[in-house]
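No value in this document is a laboratory result; all are computed from the given coordinates. No experiment lies behind these values; they were computed from the predicted model shown. Cβ atoms come from the backbone with ideal geometry, glycine included; neighbour counts cover every protein chain shown.
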Amino acid sequence: MQSKFKRILFGGDYNPNQWPEEIWKEDMTYFKEAHINSATINVFSWAKIQPSENVYDFSQLDKIVDMLSDENYDIVMATSTAALPAWMVKKYPETMSTDFEGRHHKFGGRHNFCPNSLVYQKYAKALATELAKRYGSNKNISVWHINNEYGGYCYCDNCQKQFRVWLKDKYKTINAVNEAWNTEFWGHTFYDWDEIVVPNQLSEEFLPDMTMFAGISIDYRRFYSDSMLNCYKMERDAIKEICPDAFITTNLMGTFKGLDYFKWAKEMDIVSWDNYPAYDTPWSMVAMTHDLMRGLKDEPFMLMEQTPSQQNWQKYNSLKRPGQMRAQSYQTVAHGADTIQFFQLRRSVGGCEKFHGAVIAHAGTNNTRVFRETAQLGKELESFGTKTLGSRSNSQVGIIFDWDNYWALEYTSGPTQDLKYVDQIHQYYEYFYNNNISVDMIPVDADFSKYKVIAAPVLYMIKDGMKEKLEKFVENGGTLITTFMSGIVNQSDNVYLGGYPGPLRKMAGVWVEEIDALAPEQSNTVRFADGTEYKCNLLCDLMHTEGAEVLASYESDFYAGMPAVTKNSYGKGKVYYVATQFEAAGLTKVLDEVTKESAVSGVIAEKTGLEITCRESDTTRFYFVMNFTDEEQVLPVSLAGKTDLITGETAKEGEVMKKWDVKILQEAL
Ligand code: GLA
Ligand code: ZN
């Protein structure tokens, strides 16, 4: 359990190029006071460090790097390639992207370069190379940060050309493309590669996420994720060529739809991500996203960005209440972070982020609530030394998250427009969260044998090999839970003929004959064998058992009496099939049975409103105990007597934890 870091990195985005040098000294003084030991620099400085095509000017960056090195910072060095300099767009307009409506963009904005522009690639690679040459031997550079929040979309002619190359590589023949995309439908048959155009509003798509041919749209998502990844790899390789030991990341965005992060993570030395929950984001959703980011490599990750106080880009940018930022930071560490970094260290003077929170506010003083809270957290994290670094999470439950499924499910036309992938996954995650049962968010190619239970809600697309993997898991004694809208299509989005849920039908022991969609004002009721009843909505599978046991049935409509929840024995294991979307209590009823039967346990035995998440080092289990509820919570008895890593005090029986209170209780292993 080794961590790359020698201390918990605490700091964040630092853009001193945006303010006069006289202030830098003050920054250093304040940051020291706040126990800040790390700075992410050079994120948006391309215009400054390469003022024209053939000129690099690192004089200011040199000063910044020297200053931070003198203060022994862990520097996170970004490559600046996420926003283009004006000279580049003027001379090479093709470096900018073409949008969904087919409009080619002009200079401005960021995250809007065309990943398939050879000119962009050439200059991005050259810049990464120059930076590596200049700073590669600096021992204070702990992490290289490529680009920034890869995202955006492009439908330009270069992308179109490259898409055809990607397709040729994947399908070899045009007939194979026609077959994969089922182009017989509406007679969209291609005779030649150059007839294939990008799927946007000018062709197959009519709104973002609405398509007439899911096959091409899903392939374009895959292609685009690969295109961006190629840009990342190109810069990464340029840096590694000069400094082979460089430790390289790029900051991801949680459940961001555009990029297949499991594929990306394989190319990253460490995962880092930016966490910006809104005022009303459930804490279970934040926890799930952390678990997903940890799951990408099944390793601790970096929190690259969060705001110390408020965002500027959400609808309502409420302040983090006193104690909230601290609790949120500990939740992040609890789920696997080895760093806590902010966007940003000092507030911008102008531009659209001047209302974005920062450690140093516009008042330019350390005499603020936000500064004091940051400093307190910094002090606490510093006091942990290396104790928590590299420690791991241990889960008996895995939840499958898969970008192909995310794309495919949300491209479906019908049965309902309200089906959202992340929301469906979260409903299942939330149960485990509420019961303090640790969960790993896993890819379809994970090692399933580690888990007692695998939940695979809305596993719509079953790609090659998945059926066999899932069957083996269940045969060997695992429990699989799956739901409506599962087992429907193959990796090209063509339906498995012979009845839903296709490849899962045998192991689930059910056949789904029809799928009813319920409008928001409609619902049905599901009745369990013990007489309890729960509401359900959204979608209702009308299904027949083929060997499965019926646990609950619909109460109303013409399908009253048909099964709504089933359980099938398969090999040594079980498959649960949940045919509809339950109100939370109904899903709890089902999952209580699943966890009981498969002997899955929470991190402590008691029920509590506290969030309790564990990490384990070689010697210690850390219980992160946090109160995110509005009510006071009593510390569970089983945790009394353990020593708090933060205060050094022993937790007492009956102790009350207020909202945002945190303890990290230690147990020797
Ligand atoms: C993103 C970006 C940052 C900044 C923050 C503001 O995460 O990476 O540059 O714009 O948002 O929340
Ligand atoms: Zn393009």
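Across all directions, the average flat footprint of the convex hull enclosing the Cα atoms of the stretch 495-616 is 10.3 nm². Residue order for Lys125, Lys25, fewest other beta carbons within 10 angstrom first, comes to Lys25, Lys125. Computed from backbone phi with θ = phi - 60° and the Karplus coefficients 6.51, -1.76 and 1.60, the 3J(HN,Hα) list for the stretch 352-362 is 6, 10, 5, 9, 7, x, 8, 5, 9, 7, 4 Hz; x is used for glycine and proline. In the stretch 397-598, taking the dipole from charged Cβ atoms about the Cα centre, the farthest positive-side position among Pro443, Ala455, Tyr570 is held by Tyr570.
Is the stretch 67-117 best put as rounded, prolate or oblate by its Cα gyration tensor, with a ≥ b ≥ c the root eigenvalues, rounded for a/c under 1.5, and otherwise prolate when a/b is larger than b/c, oblate when not? Cα axes put the stretch 67-117 in the prolate bin.
Ordering Tyr14, Tyr56, Trp511 by the projection of their Cα atoms onto the charge dipole of the chain, which places +1 on the Cβ of Lys and Arg and -1 on the Cβ of Asp and Glu, puts Tyr56 at the extreme positive end. Karplus-based coupling profile of the stretch 487-498, in residue order and whole Hz: x, 8, 10, 8, 5, 9, 6, 9, 5, 6, 6, x, with θ = phi - 60° in 6.51 cos²θ - 1.76 cosθ + 1.60 and x standing for Gly or Pro.
Sites listed here are GluC sites (Glu not before Pro) in the stretch 472-581 whose DSSP assignment is loop and whose Cβ has at most 10 other Cβ atoms within 10 Å: Glu521. Residues in the stretch 220-228 carry Karplus couplings, in order, of 5, 4, 4, 4, 5, 4, 5, 4, 5 Hz; the curve used is 6.51 cos²θ - 1.76 cosθ + 1.60 with θ = phi - 60°, and Gly or Pro positions show x. Here's how it looks for Ser97: its modeled amide H is under 5 Å from those of His105, Cys114, which are all 5 or more places away or on a different chain. In the stretch 546-598, the C-alpha radius of gyration followed by the widest Cα-Cα span (Dmax) gives 11.7, 36 angstrom. Charges were assigned to the Cβ only: +1 to each Lys and Arg, -1 to each Asp and Glu. The resulting dipole of the stretch 427-563 about its Cα centre is roughly 400 debye. If you average the C-alpha positions of the stretch 130-188 and of the stretch 271-333 separately, how far apart do those two centres end up, in angstrom? Between the Cα centres of the stretch 130-188 and the stretch 271-333 lies a distance of 28 Å.
Backbone amide hydrogens, once placed in the peptide plane, bring Val634 within less than 5 Å of Met657, excluding anything fewer than 5 places away on its chain.
Spread over its residues, the convex hull of the C-alpha atoms of the chain is 162 Å³ per residue.
The packing ranking of peptides 47-55, 436-444, highest mean first, is 436-444, 47-55, where packing means the average number of other beta carbon atoms within 10 angstrom of each residue.
Remark: C-alpha extents of the stretch 591-657 on the principal axes read 38, 35, 19 Å, sorted largest to smallest.
With neighbour counts taken as other beta-carbon atoms within 10 Å, the residues Leu292, Leu551, Leu669 rank, fewest first, as Leu669, Leu551, Leu292. Across every direction, the projection of the convex hull enclosing the Cα atoms of the stretch 81-169 has a mean area of 7.1 nm².
With contacts taken as Cα pairs under 8 Å at a separation of at least 6 residues, the chain carries a relative contact order of 11 percent. Annotation: the antiparallel percentage among DSSP beta bridges lying fully within the chain is about 55.
Here's how it looks for Asp74: its modeled amide H is under 5 Å from those of Ser38, Ala39, which are all 5 or more places away or on a different chain.
Taking a straight line from the alpha carbon of Lys596, these lysines sit under 28 Å away, with near neighbours fewer than eight places off in the same chain left out: Lys450, Lys452, Lys467, Lys469, Lys472, Lys506, Lys535, Lys567, Lys572, Lys574, Lys607, Lys642.
Simple point charges give the picture: +1 on the Cβ of Lys and Arg, -1 on the Cβ of Asp and Glu, and for the chain a dipole about the Cα centre of about 1560 debye. Along each principal axis, taking the top coordinate minus the bottom one, the Cα set of the stretch 397-598 gives 41, 37, 31 Å in descending order. Helices in the chain, meaning DSSP H runs of at least 4 residues, each add -39500 (n - 2.57). Divided by all residues, the mean residue ellipticity at 222 nm is -9500 deg cm²/dmol.
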